[in-house]
Amino acid sequence: MFSPDIITKFQQHETPFYYYDLDLLQRTLKACTNAADNYGYHVHYALKANFNPKVLQTVQAAGLGADCVSGNEVLAAIEHGFDRNKVVFAGVGKSDKEINAALDADIFCFNVESVQEMEVINDLAAAKGKTARVAIRINPNVDAHTHHNITTGLEENKFGINTWQLDDVVFTLGNCKNLEFLGVHFHVGSQITNLDVFEKLCVRVNELHEWFEAKGLFIKVLNVGGGLGVDYYNPDKDPICDFAGYFKIFKDHLVVKEGQEVHFELGRALVAQSASLISRVLYVKNGQKKNFLILDAGMTELIRPMLYEAYHHIQNLTKGDNDATVIYDVVGPICESTDRFRTDVALPRSHRGDLIAVRTAGAYGEVMASGYNLRDRVQSVYNDID
Ligand SMILES: *Cc1c(COP(=O)(O)O)cnc(C)c1O
């Protein structure tokens with residue numbers, strides 16, 4: 001929801017830009033940490049969802065840890081003041097350079113995704129005379145029931161170590177003197193709205209937990225990943241996720257023993273509702289089959305609709321809700337047919353210069369912006385916009 005005052009300020013601003021509501025972000029973070037604190041859970045923020053510096057500052061100030069998927073994310077987390085004891089590093093393709101950077105930074109844990117990677121981290125740690133703490137990312141073969149392009153926990157996905165390889169993991173751990181085994185890690189997908197998925201995950205984690213114990217390996221960290229979804233259809237209805245309900249699923253279904261910690265890695269659920277992409281209508285093309293609204297923002301600013309067929313709520317901020325509606329295909333200016341935010345969108349009859357908001361754009365939005373077509377880098381503005 002935008003106040004008339006904010007819309008007036010938008011009107012004076014060059015478009016396109018991301019508008020961040022840092023107050024909403026702060027309230028979301030607080031709701032999450034309060035709910036997690038009830039059970040002593042540890043929450044890491046997945047930087048890849050949004051590493052805008054002001055977002056990182058706000059997340060860091062709220063006391064969360066950092067979940068990183070590249071060496072540069074590890075460095076960014078530390079630069080922004082995240083406690084290195086709360087920095088974890090996941091990813092299927094960590095380069096030697098990235099591993100070395102994370103070893104130098106003394107991060108809390110590497111979430112390792114293959115036996116070969118365990119051996120490489122062990123060798124690089126040995127060369128530095130260090131011990132690397134590792135958690136084993138296991139592919140639990142649990143279907144996240146989300147879009148197939150953001151499903152990560154099935155055997156056909158590239159992520160994690162499959163369960164039939166775990167004997168090899170235990171054997172390799174025994175040989176790798178510069179690795180310290182911390183525990184297990186899972187992340188089955190993103191934008192998960194069917195919470196049964198998390199219950200199924202708990203059941204698998206409990207089984208694997210027992211398996212490791214039977215091998216004589218003590219699990220200190222149970223990292224169950226992230227993936228909690230948000231409501232893209234009704235961005236103003238409950239802009240803050242039901243974190244209490246989410247954590248309670250783990251409280252009720254995950255077996256946690258004395259001395260064990262439960263870790264989460266949330267990205268989208270923390271940041272998605274706190275930003276909108278604000279753009280202007282450049283041209284209106286009325287056709288016989290289709291009417292097009294051509295915006296000054298496209299896949300170079302927000303690629304989710306084109307990459308994942310993602311739905312974003314689209315609003316005309318200039319026209320009132322009572323104006324007669326027209327059905328438009330809302331498209332961008334980029335020279336690609338897929339550069340389309342959505343087809344058949346009912347909007348008030350729109351004109352050149354109208355402000356259009358693409359909502360729920362705080363996660364996987366600005367961070368995926370590109371310079372394709374030699375476009376200007378998308379700008380960001382915050383609550384203090386003037
Ligand atoms: C992307 C990612 C996350 C965060 O996912 P969200 O759906 O944004 O919560 C957590 N853990 C890992 C390993 C990831 O790659």
Roughly what % antiparallel, to the nearest 5, for the DSSP beta bridges in the chain? 40 percent
Given all pairs of distinct Cα atoms, region 44-99 yields a Kirkwood Rh in Å of 11.0 Å
Can you give the calculated 222 nm mean residue ellipticity of the chain, where each DSSP H run of n ≥ 4 adds -39,500 (n - 2.57) and the sum is split over every residue, rounded to the nearest 500 deg cm²/dmol? -8500 deg cm²/dmol
Surrounding charge for A132, neighbours by C-beta under 12 angstrom, Lys/Arg +1, Asp/Glu -1, total -1
Scoring only Lys, Arg, Asp and Glu (+1, +1, -1, -1) among other residues with Cβ under 10 Å from the Cβ of D354 yields +4
Inter-probe distance in nm under a simple model that places probes 7 Å from Cα toward Cβ, at T8 and L374: 4.0 nm
Shape category assigned to region 23-271 from the gyration tensor of Cα positions, a/c cut at 1.5: oblate
Can you return the aspartates and glutamates within cross-link range of K251? Criterion is Cα-Cα under 17 Å, with same-chain partners fewer than 8 residues away left out. D37, D196, E199, E207, D242, E261, E265
Centre separation in Å (Cα based) which lies between region 12-51 and region 121-200: 26 Å
Below 8 Å between Cα atoms, with a sequence gap of 6+, how large is the relative contact order for region 23-271 in percent? 21 percent
What spacing in nm lies between the two simple spin-label points modelled at A346 and E213, each 7 Å away from Cα in the Cβ direction? 5.5 nm
Net charge of neighbours whose Cβ lies under 14 Å from the Cβ of E207, counting Lys and Arg as +1 and Asp and Glu as -1: 0
Estimated distance in nm for a label pair at D231 and W164, the labels positioned 7 Å out from Cα along Cα-to-Cβ: 4.3 nm
What is the distance in Å between the Cα centres of region 72-115 and region 236-289? 24 Å
Between helix 196-214 and the chain: long-axis angle, C-alpha atoms, 0 to 90°, nearest 10: 20 degrees
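FYI, it's all coordinate maths here, none of it is from the lab. Since we're looking at a predicted model, the values are computed, not measured. A quick note on method: Cβ atoms are made from the backbone with ideal geometry, for glycine too, and the neighbour counts reach across all protein chains shown.
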